[in-house]
Amino acid sequence: IGHVGFALVGVAAGGLSGTKAVVIYLALYLFMTVGAFGCVLLMQRKGKALEAIDDLSGISKAHPQFAIALALIMFSMAGIPPLAGFFGKMYVFLAAIESGLYLLAVLGVLSSVIACFYYLKIVKVMYFDEGDEAFDAMNTSTRMVVSFCVLVILLFVLQPSLLTMPAQTAAKALYLL
């Protein structure tokens, strides 16, 4: 619900910059969400699917790559720089500021800060709580999907034009409708 709210900040801003911001935010959110759900699908013990945050306790020791991937996804969803989620939120907040929606931008930033607590709690559980047993062997195709999502989250920082240029084109096309 929170992420839809951030996207709606761009919708409220309107215009070409708001539309472009929404396209960028939703594209990045797609990779963050698919990566997060992929991690949830990888969480199994004795053939049983796990869902609780506590099931991640101490998993960084048994599955360090999994823990790093999920931590990067959580940091990105929280909007921690320099990950893609930070830039997605930045685009929508800048569009709001450009449109004179200062209060909306400030409220968006404040809610993003509050939401950090929930994402960082997951990372804390993985790295600082005492763990149970390891997960079952992880499905290779799901691991590849999660890896690709993390790669996109990281590479956006180095090459944002791979997304911003198509987003600009899409925004122009949507704005002309």
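Where a number appears in this text, it was derived from the coordinates with a stated rule and is not lab data. From a predicted model like this one, the values you see are computed outputs, not experimental measurements. We place every Cβ from the backbone using ideal geometry, glycine too, and count neighbours over all the protein chains shown.
Things worth noting here:
- Reachable lysines, given that their alpha-carbon falls under 29 Å from the alpha-carbon of Lys121 and they are not under 8 places away in the same chain: Lys46, Lys48, Lys61, Lys89
- Residue-count net charge about Ala52 - beta-carbon cut-off 13 Å; Lys, Arg +1, Asp, Glu -1: -2
- Pair Glu98, Asp54: separation of 7 Å Cα→Cβ label points (nm): 4.7 nm
- Cα-based shape type of segment 81-177, given that a ≥ b ≥ c are square roots of the gyration tensor eigenvalues and the cut on a/c is 1.5: oblate
- A convex hull fitted around the alpha carbon atoms of segment 40-125 yields 95 Å³ per residue.
- Taking Cα centre as origin and charging only the Cβ of basic (Lys, Arg, +1) and acidic (Asp, Glu, -1) residues, the dipole magnitude of the chain rounds to 380 debye.
- Across the options Val150, Val11, Phe31, the greatest Cα extent toward the positive end of the charge dipole of the chain (unit charges at beta carbon of Lys, Arg, Asp, Glu) belongs to Val11.
- Using only side-chain charges placed at the Cβ, +1 for Lys and Arg and -1 for Asp and Glu, the dipole size of segment 1-96 relative to its Cα centre rounds to 140 debye.
- Using the Cβ-Cβ distance between Leu107 and Leu151 with R0 set to 30 Å, the FRET efficiency from 1/(1 + (r/R0)^6) comes to roughly 0.40.
- Here, the chain is characterised by an Rg to Rh ratio of 1.03, where Rg is the alpha-carbon radius of gyration and Rh the Kirkwood radius.
- Once backbone amide H atoms are built at 1.01 Å from N, Gly79 has Phe86 as its partners under 5 Å, excluding neighbours fewer than 5 places away on the same chain.
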